[in-house]
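Scroll down for the structure; my scribbles are underneath it.
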Ligand code: HEC
């Protein structure tokens, strides 16, 4: 009996020692910062190119040239080399986005002012009108100008009805959909100034709103389908 016990404990120790070593190894490696890899995002998007193939290839080649002297630059002037690396990296991302690439974190990215691009990505997120109302009345301060009693801006109430019945019939806005009009009104408010008002709406929402914020605001404004207040 005691022989068996000895044998068992011997076996345990020969198996547990490597296990402890492995645990130690994992706990040590887990503490090191993971190196970013160029692996595809968890939801790689098989999108068609929305730009000209030749142009894309040409621009890619130009960016590659900008990194052509990287090895020697990194030796002689590391700061400038890293600065260049960072900027070219951003330019590469912009190039991919301009050709239709949809990154996995699209919902939390700032929208910018490219209305076509925003339109083509809006379907990626679900707009929540309640959250839109919270943003509109709260931190973004939209309602401060758009409340019916100020006359500074068109009133919130009836916005969607006015878009359908009036704005989209304006020859200055040919082939606009309600979403197109709403996006442009928010990111480029100076492009079309509603008659009777002056262009005082802040023009920096493109840098402050994520795609999710914008989708929520649009869902809220599309729920304003009653009559305009008297
Ligand atoms: C400082 C005042 C001000 C703020 C803040 C403001 N707006 Fe405006 N907005 C205006 C004015 C003035 C107009 C009309 C002139 C124009 O078309 O640019 C307008 C027009 C619009 C229109 C077109 C309305 C229509 O009847 O055609 C929309 C949509 C809109 N704003 C949405 C927003 C949203 C969303 C926010 C917040 C993220 C916001 N605005 C914040 C002043 C403001």
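So the values come out like this:
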| read-out | value |
| --- | --- |
| Meets criteria (modelled with pLDDT under 95 and either within 16 Å of the ligand (Cβ to nearest atom) or in contact with a helix residue (DSSP H, G or I) (Cβ under 8 Å, 6 or more places away or on another chain) (or both)) for residue 113 | no |
| Residue 112 being farther than 30 Å from residue 51 by Cβ and touching a residue at least 60 places away in the same chain (Cβ under 8 Å) | no |
| Test: residue in segment 120-141 that is without any contact (Cβ under 8 Å) to a residue 60 or more places away in the chain and within 8 Å of the ligand (Cβ to nearest atom) | yes |
| Scan of segment 121-178 for residues that are surrounded by 12 or more Cβ atoms within 10 Å (Cβ to Cβ) and on the phi > 0 side of the Ramachandran plot, ordered by number | 141, 158 |
| Residue ranges of helices (runs of 4 or more DSSP H) in segment 74-152 with at least 1 members outside the structural domain of residue 196 (by TED's automatic domain parsing) | 78-98, 115-121 |
| Count of segment 132-149 residues which are touching a helix residue (DSSP H, G or I) at 6+ places or on another chain (Cβ under 7 Å) and farther than 16 Å from residue 205 by Cβ | 1 |
| Matching residues, segment 165-175, being assigned to a loop (DSSP other than H, G, I, E, B) and either more than 11 Å from the ligand (Cβ to nearest atom) or modelled with pLDDT under 95 (or both) | 171, 172, 174, 175 |
| Residue match in segment 179-187 (condition: assigned to a loop (DSSP other than H, G, I, E, B), at negative phi and more than 8 Å from the ligand (Cβ to nearest atom)) | no |
| Positions within segment 59-77 being surrounded by 14 or more Cβ atoms within 10 Å (Cβ to Cβ) and without any contact (Cβ under 8 Å) to a residue 12 or more places away in the chain, in sequence order | 73, 74 |
| Residue within segment 78-90 that is surrounded by 14 or more Cβ atoms within 10 Å (Cβ to Cβ), in contact with a helix residue (DSSP H, G or I) (Cβ under 6 Å, 6 or more places away or on another chain) and under 27 Å from residue 51 (Cβ atoms) present | yes |
| Checklist (1) part of a helix (DSSP H, G or I); (2) modelled with pLDDT of 95 or more; (3) away from the ligand (no atom under 11 Å from the Cβ) applied to residue 162, failing item | (3) |
| Answer from 223, 206 - the residue that is closer than 22 Å to residue 121 by Cβ, more than 10 Å from the ligand (Cβ to nearest atom), more than 22 Å from the chain's Cα centre (by Cα) and in contact (Cβ under 8 Å) with a residue 24 or more places away in the chain | 223 |
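The values are calculated or read from the model by the stated rules, or taken from the named source; none is laboratory data. Only a predicted model underlies this, so the values are computations on that prediction, with no experimental measurement involved. Methodologically, a virtual Cβ is constructed for each residue, glycine included, from the backbone with ideal geometry; neighbour enumeration extends over all protein chains shown.
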